[in-house]
1. Inside region 53-79, can you point out the residues that are surrounded by fewer than 20 Cβ atoms within 10 Å (Cβ to Cβ) and either closer than 16 Å to Ala152 by Cβ or of a type in the set (Lys, Arg) (or both)?
2. Return the only residue of Asp68, Asp75 being among the acidic types (Asp, Glu) and at pLDDT 90 or above.
3. Taking region 80-122 on its own, how many of its residues are modelled with pLDDT of 85 or more, open to solvent by 50 Å² or more (accessible area, probe 1.4 Å) and assigned to a strand (DSSP E or B)?
4. Filter region 144-155 down to the residues that are without any contact (Cβ under 8 Å) to a residue 40 or more places away in the chain and not acidic (Asp, Glu) and list them by number.
5. Please find, within region 34-52, the residue that is modelled with the lowest pLDDT out of those that are out of contact with any Asp or Glu (no Cβ under 9 Å at 6 or more places or on another chain) and either open to solvent by less than 70 Å² (accessible area, probe 1.4 Å) or among the aromatic types (Phe, Trp, Tyr) (or both).
6. Name every residue in region 123-145 that is loosely packed, with under 15 Cβ neighbours inside 10 Å and at pLDDT 90 or above, in order of residue number.
7. Step by step: first the residues of region 146-157, then only those that are closer than 14 Å to Leu22 by Cβ and either among the β-branched types (Val, Ile, Thr) or more than 14 Å from the chain's Cα centre (by Cα) (or both), then the one that is modelled with the highest pLDDT. Which residue is that?
Amino acid sequence: MNEQTQAGQLSAQAIHGHTQRLAEQLLARIHGNEARQGELHLSGRIAVGTFLPIKQLEHDSQQPKQHDLGLQLQDGLVTLMTQAGFQVVDFKQSDGIYMQTEQDKMLARDVMRLTQRHNLDYYLTGTLLRQEDSYVVNARLIKLDTQQVVAAATDYIPANVMWPEQKGILRHGQIHRKEY
């Protein structure tokens with residue numbers, strides 16, 4: 001089935017399917033490595049980081065859709081790695097539950113509220129690169145004590161996986177229009 005659909009429509013496959021393909025590639029490498037070298041242990045503690053644009057390795061406020069895609073990949077991989085048996089550590093957990101008028105929360109991005117000790121074995125992170133109609137997503141699992149990349153994966157995600165494509169886009173500060 002063709003994953004790209006007509007302009008103005010969403011991709012035929014949801015973001016979770018693409019995230020699952022990344023996880024399957026990573027896990028295939030992990031299981032193969034484990035059998036050969038006994039180096040990786042599914043009981044290892046892992047944190048999953050935000051997937052960032054490859055060029056600047058930080059959030060680009062000019063590309064909010066790309067940022068949202070990176071955050072969704074992160075959360076999806078937290079789910080999938082937990083289901084695969086890893087002890088996933090949520091490093092965004094604050095030191096307590098904070099009650100507010102209409103919400104309660106325990107996750108935070110305020111460094112002063114975060115728990116500081118994590119005792120991690122692995123860190124899963126990745127990069128995004130926007131192409132014409134898709135994103136190239138590269139994921140890597142890093143063993144922290146050696147800085148060795150022990151598993152890696154690449155996938156292509158249609159640009160319209162979370163939002164319909166538009167006739168015009170902003171690229172490098174200039175408006176680019178697609179064919180009408």
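The values are calculated or read from the model by the stated rules, or taken from the named source; none is laboratory data. This structure is a prediction, so every number in the text was calculated from the model and none was measured. Glycine gets a Cβ as well: all are built from the backbone with ideal geometry, and neighbour counts include every protein chain shown. To get the accessible areas, we keep the full protein, side chains included, count just its heavy atoms, and leave off ligands, DNA and RNA. Shrake-Rupley method; radii C 1.70, N 1.55, O 1.52, S 1.80 Å.
1. Ile54, Lys55, Lys65
2. Values: Asp68 fails: at pLDDT 90 or above.
Testing whether each residue is among the acidic types (Asp, Glu) and at pLDDT 90 or above leaves just Asp75.
3. Residues that pass the stated criteria total 1.
4. Residues of region 144-155 that are without any contact (Cβ under 8 Å) to a residue 40 or more places away in the chain, as a first pass: 144-149.
Selection gives Leu144, Thr146, Gln147, Gln148, Val149.
5. Among those residues, the one meeting the criterion is Gly38.
6. Hits for region 123-145 are Leu129, Val136.
7. From region 146-157, those closer than 14 Å to Leu22 by Cβ are 151-157; that's our starting set.
Of the ones still in play, those that are also either among the β-branched types (Val, Ile, Thr) or more than 14 Å from the chain's Cα centre (by Cα) (or both) are 151, 154, 157.
Details: Ala151: 90, Thr154: 95, Ile157: 89.
This residue is Thr154.
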